[in-house]
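Q: Dropping a structure here in structure tokens format, bear with me for questions.
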Amino acid sequence: MTTQHIDAASANGQFGIVHLGLGAFHRAHQAVYLERYRQRTGDQQWGVCSANLRASVKLVDSLQQAGYRYHVAEYANSQELTLREIGVIEEALFTGRDNADRWGRDREALLERLAAPITRIVTLTVTEKGYFLSPTSGELLLSDPMIAGDIVSPFEPRTAPGLLVEALARRRSAGVAPFTILCCDNMPHNGARTRKAVVTLARQRSDELANWIDTEVAFPSSMVDRIVPAMTEQDFAALQILGVDDANAVVCEAFSQWVVEDHFPAGRPAWEEEGVTMVADVAPFETMKLRMLNGSHSLLAYLGSLADIDTVFDAVSNPVYKALLSAYMREEAAPTLDMPQEIDVDAYADSLLARFANDSLRHKLQQIAMDGSQKLPQRWLQVAEANLVAGRDTACVALGLAGWIRYTQGTTLGGRAFRVDDPIAEQLEALHQRHGDDPRALIDAFFGVEAVIPKAVARDERFKQQVLDAYLTLTERGVEAAIAELAGPGVR
Ligand code: NAI
Ligand code: CS2
């Protein structure tokens, strides 16, 4: 085990960066890059004020109580571990709803930090649903109650786009240059998507503000990659054995990647010296990662959960699931990619299978299965759309989609019930209630869910039949039989 100790007390209390979405990923990815940078250069001008806009306040308070120090355990495998102590998060705030149903405990403090001239970058990991965009069209969901609330009460915003609009409005009136907004969520063209959310919301307030944001604010896209599972009791116990008793610790894989479009008019840390790839166009990397890594994850999440498999490691330890991923990546995802010549997509697929087989991570399939409606368009359905146009195979995506549809019923194939965690869970449950005893009608109804299934895919009758066939095999004969029968030559 390697231990790296950083003294958080050396921080000078200036932020430079405000982060929205103080979850596990931020603590184990962006914060680690900055920690390494500060430790190596001694440059203390960049620190982070990190806020949670919704759950959890517990983490915010617990981090504060711990003096804003926490540990990140990076596992290459169960034998190789690097333990870091992190001190770059210098303040944590909470703006969500508390236990007494009051909103916005630290909202004013957060808006002040965002409006302060010292803040030059705002990073975000608020999950895909935190942008309130339609996953298929990318349009802002103006009628969503949270967004509608921010339109009615723009000075007391509750959403990430709402906070950004109010902060930028304050900067504009004070004559302060805007910050750069860096989305670190797993969305395609995540900079452009974030811009769409912020500018559309600002337009509800004033055209002048919206136009100013659109022309003056930089929204570089970024591809982020590090597998950071939600902590389990076993993870905490394993850290305690190493002498780390830290309620805010995070466990992750050793691998880490960050590809960022280099457009930071207000300045940035020299991230490239810590291994961040600064590029002009992140799109090919983003697309490759979303379709290959995240697409594989989602295949395991729905099919594995239906078969009562607990973690990614458990699933890829079964050769049937591993072969499914290999077939999906090589035969369906890879042919849709347009990568720079130096990128070896086949080697990338191998590296992903190796990462999924990390025996130290308890990455729950149910965690990955969360918010499927937000994830499937970019992970699978753009793959299917491209392959349908090109006349290529779509069997793996069809099986995955059948698995997701069955998953949203809320029980495993063996009958164990679980909660479907998705912004449109109720809408999907209603489809099951209405069509549950008629698979053809059920698949038809799911193909009508426009927020998830792109029109070009929804109207392809051959693909719909393929999903129906997969659904029937899955429900009648189980996941492994469905994989063996339907998921293409690579699996058989
Ligand atoms: P987490 O569950 O630890 O944290 C989720 C964060 O999102 C929390 O800060 C929560 O308050 C916030 N959030 C959730 N819904 C929100 C909403 N509607 N509005 C505002 N904030 C909201 O999850 P984690 O691991 O930090 O992942 C967060 C995101 O980071 C993912 O959805 C993904 O886009 C990105 N990411 C995660 C990776 C991972 O392996 N965990 C790797 C690559 C990207
Ligand atoms: C996962 C990702 O939760 C999910 O949907 O597919 O968060 C995945 O762990 C990361 O993108 C890896 O970088």
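The values are calculated or read from the model by the stated rules, or taken from the named source; none is laboratory data. None of the values given here were measured: they were computed from a predicted structure. We place every Cβ from the backbone using ideal geometry, glycine too, and count neighbours over all the protein chains shown. The accessibility values were calculated without ligands, DNA or RNA, using every heavy atom of the protein model including side chains. Shrake-Rupley method; radii C 1.70, N 1.55, O 1.52, S 1.80 Å.
Q: State, to one decimal in nm², a quarter of the convex hull surface area for the C-alpha atoms of the stretch 267-324, i.e. the direction-averaged projected area. Spell out each step's value before the answer.
A: Numbers: hull surface 23.7 nm².
Computed as one quarter of the Cα hull surface, the answer is 5.9 nm².
Q: Could you order Lys375, Lys129, Lys58, Lys196 by accessible surface area, starting with the largest, using a probe radius of 1.4 Å?
A: I get Lys58, Lys196, Lys129, Lys375, largest accessible area first.
Q: How large is ³J(HN,Hα), in whole Hz, for each residue of the stretch 173-178 in order, when computed from phi with the Karplus curve 6.51 cos²θ - 1.76 cosθ + 1.60 and θ = phi - 60°, using x for Gly and Pro?
A: 5, 8, x, 9, 4, x
Q: Related question: Based solely on its DSSP helices, what 222 nm [θ] is calculated for the chain when runs of n ≥ 4 H residues each add -39,500 (n - 2.57) and the sum is averaged over all residues, nearest 500 deg cm²/dmol?
A: Numbers: 23 runs with 216 residues, N = 492.
Counting only the DSSP helices, I get -12500 deg cm²/dmol.
Q: Here's another thing I want to ask about it. Among 466-475, 303-312, 72-81, what's the highest-first ranking by average C-beta atoms within 10 angstrom per residue? Numbers along the way, then the final one.
A: On the way: 466-475: 21.1, 303-312: 22.8, 72-81: 17.0.
Ranked from most to least packed, the peptides come out as 303-312, 466-475, 72-81.
Q: Compute the whole-percent fraction of alpha carbon pairs in the stretch 147-208 spaced more than 16 Å apart.
A: On the way: 841 of 1891 pairs.
Of all Cα-Cα distances in the stretch 147-208, 44 percent exceed 16 Å.
Q: Okay, moving on. Give the accessible area for Tyr68 in Å² (nearest 10); use a 1.4 Å probe, count only protein heavy atoms, and leave out ligands, DNA and RNA.
A: Solvent-accessible area, nearest 10 Å²: 40 Å².
Q: Provide, in order from the shortest bin, the percent of all Cα-Cα pairs of the stretch 231-347 in each 5 Å bin, continuing until the bin that contains the maximum pair distance.
A: Spelled out bin by bin, the stretch 231-347 gives 2, 9, 14, 14, 15, 15, 14, 11, 5, 1 percent.
Q: Could you please report the charge total around Pro439, scoring K, R as +1 and D, E as -1 over all other residues with beta-carbon less than 11 angstrom from its beta-carbon?
A: On the way: positive: Arg406, Arg440; negative: Asp437, Asp438, Asp444, Asp469, Glu476.
Charge balance near Pro439 sits at -3.
Q: Count of lysine pairs in the chain with Cα atoms under 22 Å apart, counting only pairs 8 or more residues apart in sequence or on different chains?
A: Lysine pairs, 8 or more places apart or on different chains, close enough: 18.
Q: Once Rh is set to the Kirkwood radius over Cα pairs, what Stokes-Einstein translational diffusion coefficient, in µm²/s, holds for the stretch 283-491 at a temperature of 25 °C and a viscosity of 0.890 mPa s? Mind dumping the intermediate values first?
A: On the way: Rh = 16.9 Å.
Diffusion coefficient, whole number: 146 µm²/s.
Q: Okay, next question. Non-local amide H neighbours of Thr311 (under 5 Å, H modeled in plane, Pro and chain starts lacking H): which ones?
A: Here the answer is Leu365, since their amide H atoms fall under 5 Å of that of Thr311.
Q: If the viscosity is 1.306 mPa s and the temperature 10 °C, what Stokes-Einstein diffusion coefficient in µm²/s follows for the chain when Rh is the Kirkwood radius over Cα pairs?
A: Details: Rh = 23.3 Å.
Here the translational diffusion coefficient equals 68 µm²/s.
Q: A further question on this structure: Within a Cβ distance under 11 Å of Asn294, other residues only, what is the Lys/Arg minus Asp/Glu net charge? It would help to have the intermediate numbers written out before the result.
A: Working: positive: Lys289, Arg291, Lys375, Arg379; negative: Glu128, Asp225, Glu286.
Every neighbour counted, the sum reads +1.
Q: Along the charge dipole of the chain, pointing to its positive end and built from +1/-1 on Cβ of Lys, Arg, Asp and Glu, which listed residue (Val467, Met329, Cys396) has its Cα farthest out?
A: Val467
Q: Still on this structure: If we count every other residue with Cβ under 12 angstrom of Thr473's Cβ, Lys/Arg +1 and Asp/Glu -1, where does the sum land?
A: Working: positive: Arg406, Arg477; negative: Asp469, Glu476, Glu480, Glu485.
Spelling it out: positives minus negatives among the neighbours equals -2.
Q: When only alpha-carbon atoms count, how far does the stretch 2-279 stretch along each of its three principal axes, as whole angstroms with the largest first?
A: 56, 43, 38
Q: Another one. Quick check: residue separation of Asp308 and Asp43 times 0.36 nm, minus the Cα distance between them. What number comes out in nm?
A: Numbers: separation 265, 0.36 × 265 = 95.40 nm, distance 4.86 nm.
Between Asp308 and Asp43, full extension yields an extra 90.5 nm.
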